[in-house]
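Notes follow the structure.
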Amino acid sequence: MRMNIAAALMAGTILVTLTGCSPALESTTTAAAQITAPAEKKSETTTEKTAATTASEMTTQTEEITTVTEAAESMTLKIGERKVPVTWEDNASVEELKKLAATGLTIKMSKYGGFEQVGSIGRSITSNDKQTKTAPGDIVLYSGNQMVIFYGTNSWAYTRLGKINMSKNELKDLLGKGNVTVTLTLE
């Protein structure tokens, strides 16, 4: 008899977790109460709390797994030997760039126009160019195969890749003195 109650409760917990449906919990609790002998009737409230707690714990576990996965796929950018803080866009271009960075991607960049560094990534990747006004720190894809990092401003059709989180002066010191080498890796 106890084996049937446990099986009914487990099925209810899984059903609630997968569907998130309150009526499913009520019908499972009712079904469990029908299987339960009259002396065990008071376990009905405990069953509801256990199912809710289990669903909550599973949600927390899912969030932890998601966080670990995101951290495992974070892409880092170094300008020369300096690792810089970047907030990457969530788009197909960045996903393809991550695949290239998985084995390490080095881009030799050239100072251009007094406001940007430009370099070939070695192949074309997905682009979704839109007319954009850039700001210092913006990282964009130009012409499907060129990475551009701005320490000034410009307006052109680009695909946004990310943003270096540094001040305009820090960026100008880092990028405005001459050609640089950029390295992308996954951590």
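Tallying residues that are crowded, with 17+ Cβ neighbours inside 10 Å and part of a loop (DSSP other than H, G, I, E, B) within the stretch 153-175 yields 2. You will find that of THR103, THR126, THR69, the residue that is at pLDDT below 95, under 25 Å from the mean Cα position of the chain (by Cα) and assigned to a loop (DSSP other than H, G, I, E, B) is THR103 and no other. Could you list, in sequence order, the residues of the stretch 139-152 that are crowded, with 19+ Cβ neighbours inside 10 Å and not in a strand (DSSP E or B)? Of everything in the stretch 139-152, just one residue is crowded, with 19+ Cβ neighbours inside 10 Å and not in a strand (DSSP E or B), namely TYR151. Only a single item in (1) surrounded by fewer than 19 Cβ atoms within 10 Å (Cβ to Cβ); (2) outside any strand (DSSP E or B) is not met by PRO136, and it is number (1). Within the stretch 101-112, identify whether any single residue is without any contact (Cβ under 8 Å) to a residue 12 or more places away in the chain, on the phi < 0 side of the Ramachandran plot and loosely packed, with under 13 Cβ neighbours inside 10 Å, and answer yes or no. The answer is yes, given that some residue of the stretch 101-112 is without any contact (Cβ under 8 Å) to a residue 12 or more places away in the chain, on the phi < 0 side of the Ramachandran plot and loosely packed, with under 13 Cβ neighbours inside 10 Å.
The values are calculated or read from the model by the stated rules, or taken from the named source; none is laboratory data. Remember, it's a predicted structure, so these values are computed and weren't measured experimentally. Ideal geometry is used to build each Cβ from the backbone, glycine not excepted, and the neighbour counts take in all protein chains shown.
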